[in-house]
Structures are given as C-alpha cells and as structure tokens.
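Below is one structure, written out as structure tokens; comments come after it.
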Amino acid sequence: MNKRDYLVKTFSRTKRKDYENYILTAIWHKLDNINIKPVSQQYVKRENGNHALMDLYFPQLHIGVEVDEAYHNSNQIADNLRMDDIITAVNEEAIEDFLCLRIDATQSIEEIKERVADIVEVIQERAAVAPMKWYTYEEELELLKQKENLSIYDDVSFMNIKDIANTLFGKNAKAYQKSYFRINDNMWLWCPKLSIVINGETKSMAGGWINFLGEDWSYIDESHQDQEIVETRKLSYQKEINQNSKRAVFAKYKDNLGFNRYRFVGIFQCIGLSPKGNNLIRYIRVEDKLKIEKAVKC
C-alpha cells in the first residue's frame, strides 16, 4: 500500500468522530512531513497493566495523542479488548521515551488551534533529532536482517509466513502452506490464529484449533474442538517435552487497517497439561528474543 492510500485509510477510521477527525487531521497537515508515519486507534498497554486507546500514534517517535471529548474519555481502561488489540498494543513500559500528549476537544476553536500547534511543535522537535524515513515493508525486512535479535517489544509485523522464515531464519522459500513446521533441530515455527472469547466461551478461529494466548503473553493453552484430536495431542506432547523442543510463535491477527499480519510473541516450550483444564496443553514463554539467522550464501 502506498503512502497516499495508507493515509486515506488511516484517517478514515475517525471520519464518524467529528471532533476527533478534525483535530487529528489538523495535527497531521500542520506537521507537513510525509516521512512521519501516523497510526490511528492504537491501543497502549500502560505500566499498570491496563490498556487504553490512543487516537493517534507515531511509532517512529514513540508519541501518542489522545483526544478528550465531552462524551468520551479516550484514556478510559478498555474493556472486552479483542485479542488483535492486545497483540498490537504498544507496551509503554518497554519504551523509555514514550510520550502521550492530550488535547481537550471541548475547548474553543482558538484554544484547540493553540494546543494543536503545541503538539506539532513537540513532534517536530523529536523528529528533528534524527533523520526520519517512512520505510516500505520490503525495506523494513531488509533492515531487520541486519539486526542480531528480534524482541517481542519490537514494532515489527509480517505479511506472511514466508517472510518470517526468509527474514529471520535464513530460508529462501517462495511460500509456506502450513502454519507449523520445523525450522532446525529443536526449533519449530508456529503461526497460530488465536481464539476469541464470546460471552465467556472460547471460540476457534482456525480449523477447530483453540489457541488462547495469555494477556501478558506468558503462556498459550492449546486444544481442539474435536475430542479425538485432543486425546491424540495429549499422547504426543510428552515427546515434545523430552526432545526439549521450542516454538518460535508468531500470532496471526488483523492490524488496525484490517489486514492479516503476524507478530512475534516469544519462544515457547510445552510443560504438559494446563492448570486450567485437562483438555488444554500449556506452552510457557521461555524467551522474549529470537536470534536472527543469516542466510547462507552459496
């Protein structure tokens, strides 16, 4: 998606919120810098563990903007979050220079204009510290290949499983049809579509598999709607434990524009049955970083 289409789609998410849309687009146009990437409706995980919604976020600068309206406080703790929102949430605690700026939409137009100018000045000051560039997806992958590790706190996502394998594990594949396969001797790549909870009941989102990620990403409970498959898995998980197998997990989700993406949520190992039920197999996160393997040149 080119910048024009991205920007149109991003700001159209606020088109039914008149005050918010006016303020956010005013900030963007006053910035007048197409190398700064905006993200609308971005959830943030606060240091106290709660989630809140930022109306506008600049990931390159770690700056968020929250618009307070008479009938809506965007800093309210978000209830009934979708798993997609939890996966894409910015972790405030993991970003040393995280900054959240607020603007009151109930003020007069003159006061709003003045506050918009103040916010833009702060953003421009931080952007001036280092050259800004809005990288394409392909450029982001190439830059990632140069790094030593990928962390769960990195603001990185992948469009498909092929890109994960080729970028992080030195593969040269054209496509992958499976969401679970061996990468090396004891490492497997697992890209589950996570389950959702509706009215207190966990629902499968992929082929009957029920994969529930803990909100703090510390564990995954795996099960299946088919009891026969559950019993088969209960017989095989011990082999995974004995072999000390690990799973590099990239959760599948929909991003804030509605596109499927994959995000690294950690390296997990099976510990056996979950304390939450005998039909659940538990994986716990053992590492929050993944060493990036370099492609072998022939």
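The values are calculated or read from the model by the stated rules, or taken from the named source; none is laboratory data. What you are looking at is a predicted structure, and each value in this text was computed from that prediction instead of being measured. Positions of Cβ are backbone-derived with ideal geometry, glycine not excepted, and every protein chain shown enters the neighbour counts.
Give segment 203-232 a look and list any residue that's crowded, with 18+ Cβ neighbours inside 10 Å and of a type outside the set (A, V, I, L, M, F, W, C), or say none.
Answer for segment 203-232, where residues must be crowded, with 18+ Cβ neighbours inside 10 Å and of a type outside the set (A, V, I, L, M, F, W, C): Asn211, Tyr219, Asp221, Glu222, Ser223, His224.
Based on what the data block shows, is Met159 under 15 Å from Phe268 (Cβ atoms), surrounded by fewer than 20 Cβ atoms within 10 Å (Cβ to Cβ) and at pLDDT 90 or above? Break it down into steps so the answer makes sense when it comes.
Working: under 15 Å from Phe268 (Cβ atoms): no; surrounded by fewer than 20 Cβ atoms within 10 Å (Cβ to Cβ): yes; at pLDDT 90 or above: yes.
It is false that Met159 is under 15 Å from Phe268 (Cβ atoms), surrounded by fewer than 20 Cβ atoms within 10 Å (Cβ to Cβ) and at pLDDT 90 or above.
Which one is surrounded by the most Cβ atoms within 10 Å (Cβ to Cβ), of the residues in segment 233-248 that are modelled with pLDDT under 95 and of a type in the set (A, V, I, L, M, F, W, C)?
Ile241
Among the candidates Asn260, Asn279, Asn211, Asn242, which residue alone is in the same structural domain as Leu189 (by TED's automatic domain parsing) and under 17 Å from Met187 (Cα atoms)?
Numbers: Asn260 fails: under 17 Å from Met187 (Cα atoms); Asn279 fails: under 17 Å from Met187 (Cα atoms); Asn211 fails: under 17 Å from Met187 (Cα atoms).
Being in the same structural domain as Leu189 (by TED's automatic domain parsing) and under 17 Å from Met187 (Cα atoms) holds for just one of Asn260, Asn279, Asn211, Asn242, which is Asn242.
For (1) out of contact with any helix residue (DSSP H, G or I) (no Cβ under 9 Å at 6 or more places or on another chain); (2) not in a helix (DSSP H, G or I), each residue gets a yes or a no:
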{"site": "Arg4", "(1), (2)": "yes, no"}
{"site": "Lys9", "(1), (2)": "yes, no"}
{"site": "Leu24", "(1), (2)": "no, no"}
{"site": "Lys30", "(1), (2)": "no, no"}
{"site": "Asn33", "(1), (2)": "no, yes"}
{"site": "Ile36", "(1), (2)": "no, yes"}
{"site": "Glu47", "(1), (2)": "no, yes"}
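Select, from Arg115, Arg126, the only residue that is charged (D, E, K, R), in a helix (DSSP H, G or I) and in contact (Cβ under 8 Å) with a residue 60 or more places away in the chain.
Arg126
Output the residue which, of all residues in segment 156-167 that are closer than 13 Å to Glu142 by Cβ and part of a helix (DSSP H, G or I), is farthest from the chain's Cα centre (by Cα).
Here the answer is Asn166.
Please indicate, with yes or no, whether at least one residue in segment 82-105 is part of a loop (DSSP other than H, G, I, E, B), surrounded by fewer than 16 Cβ atoms within 10 Å (Cβ to Cβ) and in contact (Cβ under 8 Å) with a residue 60 or more places away in the chain.
The answer is yes; a qualifying residue exists.
I'd like the full set of residues that are crowded, with 18+ Cβ neighbours inside 10 Å and over 18 Å from Ile112 (Cα atoms), limited to segment 18-40.
Once the filter is applied, which keeps residues that are crowded, with 18+ Cβ neighbours inside 10 Å and over 18 Å from Ile112 (Cα atoms), segment 18-40 yields Ile36, Lys37, Pro38, Val39, Ser40.
Output the residues belonging to segment 185-229 that are aromatic (Phe, Trp, Tyr) and more than 18 Å from Gly277 (Cβ to Cβ).
Taking segment 185-229 as the starting set, the residues that turn out to be aromatic (Phe, Trp, Tyr) are 188, 190, 209, 212, 217, 219.
Result: Trp188, Trp190, Trp217.
Could you check Asn244 against (1) free of Cβ contacts under 8 Å to residues at least 24 places away in the same chain; (2) assigned to a loop (DSSP other than H, G, I, E, B) and say which number it fails?
If we test Asn244 against (1) free of Cβ contacts under 8 Å to residues at least 24 places away in the same chain; (2) assigned to a loop (DSSP other than H, G, I, E, B), just (1) comes out false.
Give segment 209-244 a look and list any residue that's touching a helix residue (DSSP H, G or I) at 6+ places or on another chain (Cβ under 8 Å) and not acidic (Asp, Glu), or say none.
Hits for segment 209-244 are Leu213, Ser223, His224.
Being surrounded by 12 or more Cβ atoms within 10 Å (Cβ to Cβ) and over 30 Å from Leu143 (Cα atoms) is the filter here; which residues of segment 168-202 pass it?
Within segment 168-202, Ser195, Ile196, Val197, Thr202 meet the criteria.
May I ask you to say which residue of Ser218, Ser236 is of a type in the set (Ser, Thr, Tyr), in contact (Cβ under 8 Å) with a residue 12 or more places away in the chain and assigned by TED's automatic domain parsing to the domain that holds Val286?
Result: Ser218 is the single residue among Ser218, Ser236 that is of a type in the set (Ser, Thr, Tyr), in contact (Cβ under 8 Å) with a residue 12 or more places away in the chain and assigned by TED's automatic domain parsing to the domain that holds Val286.
Scan segment 116-129 and tell me whether some residue there is at pLDDT 90 or above, of a type outside the set (S, T, N, Q) and on the phi > 0 side of the Ramachandran plot.
No: segment 116-129 contains no residue that is at pLDDT 90 or above, of a type outside the set (S, T, N, Q) and on the phi > 0 side of the Ramachandran plot.
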